[in-house]
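Before any comments, here is the structure.
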Amino acid sequence: MKPIVRFAPSPTGRIHIGNLRPALLNWLFARRDGGAFILRFDDTDQERSREEYVEGIREDLRWLGLDWDIEARQSERFARYAAAVETLKAAGRLYACHETPDELERRRKRQLAQGLPPVYDRAALKLTPEERKELETAGRPPHWRFLLQDRTVAWDDLIRGPQTIEASSLSDPVLVRADGTYLYTLPSVVDDIEFGITHVIRGEDHVANTGVQIQLFEALGAAPPAFAHHNLLVGADGQALSKRLGSLSIRSFREEGLEPLAVLSHSATIGTSHAVAPYKSLNALASLFDFDKLSRAPARFDTDELKSLNARLLHELDYSEVAGRLDAAAIGGGEAFWNAVRGNLRIFDDVKRWWSIVNGQITPEIESEDVLAAALELLPAEPWTAATWGEWTDAVKKSSGVKGKALFHPLRLALTGRGDGPELKHLLPVIGRGKAAARLRGEPA
């Protein structure tokens, strides 16, 4: 059976590095096995959900290359959730409660003071019909709790291995608020059933929810999907990233000029037994995916490591893989220029600076007039190759007696206006003899 998985963001903000991880793992698993990837907007929170975030999430996923087969929105499926509510009521698995938040909080504090677990005591089940009517007449509409069966819930987690949850240690969860709106659990399970979700891949902070959801699947007459709970992200310092995720949005990475495949390669390999390395395609990452390779230990996200990985990816890209982007940026020089500068790129847009140095006009920096005069006199005729630089500087060294940094640094400053940069044996042929000669004379060129 081919897998059917889903990524279910709430459109109350943009995608950040934390929720990219489950999106990517679901996508890689589906694509590896020829399955389907569903994008489901969990937008039942009508007050906080925004259309701008819906479009922003789509935009981020498209930039990353994570396409989807089906898109759904929970706000268009309220009738399906209402039908599930009636099914649960008829089965005696959904019951009305009238406690206020203050009453529940006081009850929890009493339980804790007595050394008892703060689990809902099911007092609402003891109410008589008359007592319920009085509460509703007094303006206390009910919220609705799912009646858990007091048993052990077990599943074989695809990442964590055999897991058990004692349902008796949990409070009966609220599925429907007093205002009639739904909490996350009910719509999620109803949608997973109706869309035929075969695997739920999500963060390990949802492990405790799984016991409840398995019982809810069964109460609605469905077999639960397989579950896989992956490790969560921590910073390079080992601390949780939860409070810093706002500054680690996918949009911010795009605005910084990072490559989508660098972001994806990093997210797919941290917290696994694979080396963190750049991959040139999503297909390569999909073939790499394996639940057994995911570690139980937290995955360390390091911005500096991501930026370094981005540079490594650029350094490994062949000209054929970037030719279209160079053309779109009106950057010439062809393969020779790309091969000369790619090893010095941090982000792709750095090519613009090097193209302006090669093709534009710079003011040479003169460090040694004597060295430059000797170099100008011995400047060979074109055509030039990668061997030209070595042959030329050897001739200048023999003629002037200057060698090492005293020779090479003045030449670099004159030819590029910078003290560092690509190897000049590759850059010199792209600069060309006309510009090189003018720059050696100290002329802007």
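The values are calculated or read from the model by the stated rules, or taken from the named source; none is laboratory data. Predicted, not measured: the structure shown is a model, and the values here were computed from it. Neighbour counts run over all protein chains shown; Cβ positions are idealised from the backbone, glycine included. Accessible surface areas use protein heavy atoms only, side chains included; no ligands, DNA or RNA. Shrake-Rupley method; radii C 1.70, N 1.55, O 1.52, S 1.80 Å.
Annotations
- Segment 155-168 - residue that is open to solvent by 70 Å² or more (accessible area, probe 1.4 Å) and not acidic (D, E) and, of those, farthest from the chain's Cα centre (by Cα): S168
- Pairs, first closer than 23 Å to K435 by Cα and in contact (Cβ under 8 Å) with a residue 24 or more places away in the chain in segment 395-416, second open to solvent by less than 40 Å² (accessible area, probe 1.4 Å) and basic (K, R), C-beta under 9 Å, six or more apart: A414/R439; L415/R439; T416/R439
- A count restricted to segment 141-154 and to residues that are loosely packed, with under 15 Cβ neighbours inside 10 Å and aliphatic (A, V, I, L, M) stands at 1.
- Of all residues making up segment 105-122, the number that are outside any loop (DSSP other than H, G, I, E, B) and either over 39 Å from the mean Cα position of the chain (by Cα) or surrounded by fewer than 14 Cβ atoms within 10 Å (Cβ to Cβ) (or both): 8
- A count restricted to segment 327-343 and to residues that are assigned to a loop (DSSP other than H, G, I, E, B) and either within 28 Å of the chain's Cα centre (by Cα) or on the phi > 0 side of the Ramachandran plot (or both) stands at 3.
- Any hit, segment 306-314, residues being surrounded by fewer than 16 Cβ atoms within 10 Å (Cβ to Cβ), within 20 Å of D349 (Cα to Cα) and either among the hydrophobic types (A, V, I, L, M, F, W, C) or more than 18 Å from the chain's Cα centre (by Cα) (or both): yes
- Looking only at segment 181-196, and only at residues there that are open to solvent by 10 Å² or more (accessible area, probe 1.4 Å) and among the polar types (S, T, N, Q), the one that is farthest from A84 (Cα to Cα): T181
- Scanning segment 125-140 for residues that are open to solvent by less than 70 Å² (accessible area, probe 1.4 Å) and either in contact with a Gly (Cβ under 8 Å, 6 or more places away or on another chain) or touching a residue at least 12 places away in the same chain (Cβ under 8 Å) (or both) yields L127, R132, L135, R140.
- Residues being in contact with a helix residue (DSSP H, G or I) (Cβ under 8 Å, 6 or more places away or on another chain) and either closer than 21 Å to R439 by Cα or open to solvent by 60 Å² or more (accessible area, probe 1.4 Å) (or both) - total across segment 320-335: 3
- Within segment 138-174, the residues that satisfy the criterion of being part of a loop (DSSP other than H, G, I, E, B), under 14 Å from Q213 (Cα atoms) and of a type outside the set (D, E, K, R) are L147, L148, Q149, L170, S171, P173.
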